[in-house]
Amino acid sequence: MTSAVQLAGRLLLVAGICVASIGAAGFHSPTHATDHPGQDRSTEKLAVPLFVLGLVLICAGGLAGRAAGRFTAFNTADHAGAKKRDLLAHLERVRNGVVELDDQRRALTGEALRTRIDRLLSGEFFDLVARREDLLALLGFTAYAGVWDGVATAERLLARAWSLATDGSVEEARAELPLARRHLERACTVMAHV
């Protein structure tokens, strides 16, 4: 719809300029008017109506373009809000996965811990990292840095926990989970307030 309104506005603007120019050409300068003694010395017969019609078309084209701009701005803001909510929900799913893992860390064996971390990093977390450019474009660099600091730190901590669990240092691996949880909670808080 917006492109149709923009196109109509542009066509009205161009038509208005053309019609107003034709109308303006009908106004005589006093020096040229004296060259033809039998003619009206001020304007051609249709000069004023054409000029006024051209101005009306220019105004209509400008108003249509302005209305299309408002519609586009409204849709862009609405789309950005929906995208932000979607990214926040994705970030919260990752956080919830880490919270669940942290809550169950004492009951998990080294192999189970490694498997759960691997599933989290290769699933929801991987998908979130793949959308980092969307997040940057949506938030701008400063806000993005505030959110992504927590996400990247949590990812490194989870990778470290996975590596420790793989090497058999299960207690050290478990100790990384509350830290990862805190960083993701901070990232969610920052994202919610941007």
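The values are calculated or read from the model by the stated rules, or taken from the named source; none is laboratory data. Being a predicted model, the structure only gives us computed values, none of them experimental. Cβ atoms come from the backbone with ideal geometry, glycine included; neighbour counts cover every protein chain shown.
General observations
- Just one of the numbered conditions (1) small (Gly, Ala, Ser); (2) farther than 14 Å from Arg93 by Cα; (3) surrounded by 14 or more Cβ atoms within 10 Å (Cβ to Cβ) is not true of Ala187: (2).
- For segment 61-68, the criterion of being at pLDDT 80 or above, closer than 30 Å to His183 by Cβ and of a type in the set (Gly, Ala, Ser) is satisfied by no residue at all.
- Residue in segment 110-119 that is closer than 30 Å to Ala82 by Cβ, assigned by TED's automatic domain parsing to the domain that holds Lys83 and surrounded by fewer than 21 Cβ atoms within 10 Å (Cβ to Cβ) present: yes
- Residues in segment 111-143 that are of a type outside the set (D, E, K, R), in a helix (DSSP H, G or I) and within 24 Å of Leu164 (Cβ to Cβ): Ala112, Leu113, Thr115, Ile117, Leu120, Leu121, Ser122, Phe125, Phe126, Leu128, Val129.
- One residue stands out in segment 3-20 among those that are surrounded by fewer than 16 Cβ atoms within 10 Å (Cβ to Cβ) and more than 14 Å from Leu63 (Cβ to Cβ): the one that is modelled with the lowest pLDDT, namely Ser3.
- The residue that is farthest from Ala159 (Cα to Cα), counting only those in segment 98-110 that are part of a helix (DSSP H, G or I) and free of Cβ contacts under 8 Å to residues at least 24 places away in the same chain, is Ala107.
- Of the residues in segment 92-106, none is under 31 Å from the mean Cα position of the chain (by Cα), surrounded by fewer than 13 Cβ atoms within 10 Å (Cβ to Cβ) and not aromatic (Phe, Trp, Tyr).
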